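In what follows, a structure is listed as C-alpha cells, so that the remarks can point back to it.
The values are calculated or read from the model by the stated rules, or taken from the named source; none is laboratory data. Note that the coordinates shown come from a computational prediction; the quantities given were computed from them, not determined experimentally. Reconstructed Cβ throughout: ideal geometry from the backbone, glycine too, with neighbour counts over all protein chains shown.
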Amino acid sequence: MLRFEILATDGHARRGRLTLNHGVVETPQFMPVGTYGTVKGVLPRDLEAMGAQIILGNTFHLWMRPGLDVLRAFGGLHRFEGWQRPILTDSGGFQVWSLGGADGKGRRITEQGVHFASPVNGDKLFLTPELSMQIQTVLNSDIVMQFDECTPYQTAGHVTTEHEARASMELSLRWARRSKAEFERLANPNALFGIVQGGMYEPLREASVAALAELDLPGYAVGGVSVGEPKDDMRRLVAHTPHRLPQGKPRYLMGVGTPEDLVDGVANGVDLFDCVMPTRNARNGHLFTRFGDLKIRNAKHRADTRALDETCTCYACRGTTLPDGSVRGGFSRAYLHHLDRCGEMLAPMLATIHNLHYYLNLMREVRAALDAGTFAALRERFAADRARGVD
C-alpha cells in the first residue's frame with residue numbers, strides 16, 4: 001500500500017506526504033541506513049526521538065544473516081528489530097556489484113541472475129529477481145526495490161562505454177518486469193519501486209525512465225550514481241534524471257550523499273534519500289555541522305569547551321531537558337575528542353546521534369521552506385553557512 005500526495009512545489013522541488021503500511025513519511029526525507037537490521041550506534045528510541053520516519057535495511061545481508069527462517073518467525077523486520085515505522089529494503093543489486101571487486105571477477109551475471117560467493121562463508125550463491133522479491137516479502141518492508149544490475153562507472157580501470165551501459169540498463173529493465181511479476185504473484189501488500197539505470201549517459205537514462213514508467217510502479221529510484229564516478233558527473237545526472245520521472249510518484253535517489261547533495265537533489269525533484277555517510281563518517285570522527293565539517297580528532301579540539309554545533313539541538317550538543325527542568329547530555333568538543341582518542345564506544349555513538357540529527361533536521365528545514373515558499377532563500381543561506389566553515 002502506498003499513497004503519495006504532493007503538498008507544495010517550487011520549481012522541480014516537491015513537498016510531499018507518503019503513506020505506507022507502517023506509517024506516514026513527510027518528504028523530502030532522509031533514510032538512515034540500517035544494513036543488518038540496525039542503524040549502527042543508535043537505539044531505535046533515539047532514532048524516533050530525532051525524527052527518523054523511515055529507515056533502510058538490506059535484502060542481501062539479511063538473507064545471509066540472520067536468514068529467512070529467523071525473519072519469517074518474527075513476521076518480518078519490524079518486530080525483529082523493534083522498529084514499527086516504515087522500512088525500505090534495497091534489493092541486493094548494489095551489494096552484488098560491490099562484492100564483484102574492482103575487476104568485477106567476484107560475480108558472474110547471466111540473464112537469469114547473478115552467481116557469486118557468500119562473503120560470510122564462501123558458499124556459492126545465485127540471486128535472481130524472483131528470489132529478491134521472495135526475500136523482501138519475508139522481510140515485509142514497506143518499500144521493496146526491484147532487483148537490478150548496478151552499472152559500474154568503471155571496472156579494472158576501464159570506463160563503462162555507452163554500449164556496455166545500454167546492455168546493463170536493458171537487463172535491469174527485463175529484471176524489473178520479472179520483479180513486478182513475482183511481486184504480484186506473491187501478493188505482497190507493500191510497494192515496489194523501479195530503478196533507473198543507464199550509466200553516465202543521459203539518453204540511456206531517458207530510455208530507462210520511459211520503459212519503467214510503462215510498468216506503472218508505485219515509485220521510482222535513480223540508481224547507478226555515487227559508484228565511483230567524478231562528482232561533476234554525479235551532479236549532471238542528478239540534475240538530469242529525477243524530474244523526468246512520473247510526476248505523481250515518489251522519487252528516491254539511492255546512496256547520495258553529502259548535505260549539499262541532499263539540498264541539490266531536492267531542487268532537482270528528489271523526495272527520498274539514503275546514505276551511509278552520516279553514520280560511517282561519525283565512526284571516523286567526521287562531524288557535519290551547519291557551518292561546515294568538523295574533524296573531532298584534530299588536536300585543536302583538545303580543550304575546546306564549545307558544543308560541536310552551538311545551533312544544534314541534538315542530545316550530543318544540547319542534551320535533553322527532563323520534566324524537573326534539569327538537563328542530561330550536551331557535551332563539549334573536548335570531551336568528544338577525549339573519547340575518540342581513548343577509543344571509547346561513546347564517541348561514535350554521540351557522533352552518530354549528532355550527524356543523523358543534522359541530516360534529519362536539514363530535511364525538516366527544507367520541508368518548512370517548501371511549505372512557506374522560501375526554498376530558494378534557504379538554499380542561499382545553507383550554502384553560505386556551510387561555506388563559512390567551523391570556528
Among the residues of region 309-331, write down those that are surrounded by 12 or more Cβ atoms within 10 Å (Cβ to Cβ) and not polar (S, T, N, Q).
Asp309, Glu310, Cys312, Cys314, Tyr315, Ala316, Cys317, Arg318, Gly319, Gly329, Gly330, Phe331
Among Leu217, Leu192, Leu204, which is the only one that is part of a helix (DSSP H, G or I) and under 20 Å from Arg174 (Cβ atoms)?
Leu204
Take Asp309 and tell me if it is in the same structural domain as Ala368 (by TED's automatic domain parsing) and either in a strand (DSSP E or B) or among the charged types (D, E, K, R) (or both).
yes
Quick one: would you say Pro44 is at pLDDT 95 or above, within 24 Å of Leu360 (Cα to Cα) and more than 15 Å from the chain's Cα centre (by Cα)?
yes
When region 220-235 is examined, which residues are found to be in a helix (DSSP H, G or I) and without any contact (Cβ under 8 Å) to a residue 12 or more places away in the chain?
Lys231, Asp232
Result of the Cβ filter at 8 Å on region 37-56, keeping first residues that are at positive phi and partners that are assigned to a strand (DSSP E or B) and buried (at least 17 other Cβ atoms within 10 Å of the Cβ), at least 6 apart or interchain, is Gly37/Gly57
Of the residues Arg65, Arg79, Arg72, Arg85, which is surrounded by fewer than 19 Cβ atoms within 10 Å (Cβ to Cβ), out of contact with any Ser or Thr (no Cβ under 9 Å at 6 or more places or on another chain) and more than 23 Å from Pro189 (Cβ to Cβ)?
Arg65
How many of the residues in region 284-306 are surrounded by 12 or more Cβ atoms within 10 Å (Cβ to Cβ) and among the small types (Gly, Ala, Ser)?
2
Would you point out the residue of region 154-189, among those that are polar (S, T, N, Q) and in a helix (DSSP H, G or I), that is farthest from Met133 (Cα to Cα)?
Ser168
Hits in region 350-377 (condition: surrounded by fewer than 21 Cβ atoms within 10 Å (Cβ to Cβ), free of Cβ contacts under 8 Å to residues at least 40 places away in the same chain and either under 22 Å from the mean Cα position of the chain (by Cα) or part of a helix (DSSP H, G or I) (or both))
Glu365, Ala368, Ala372, Ala377
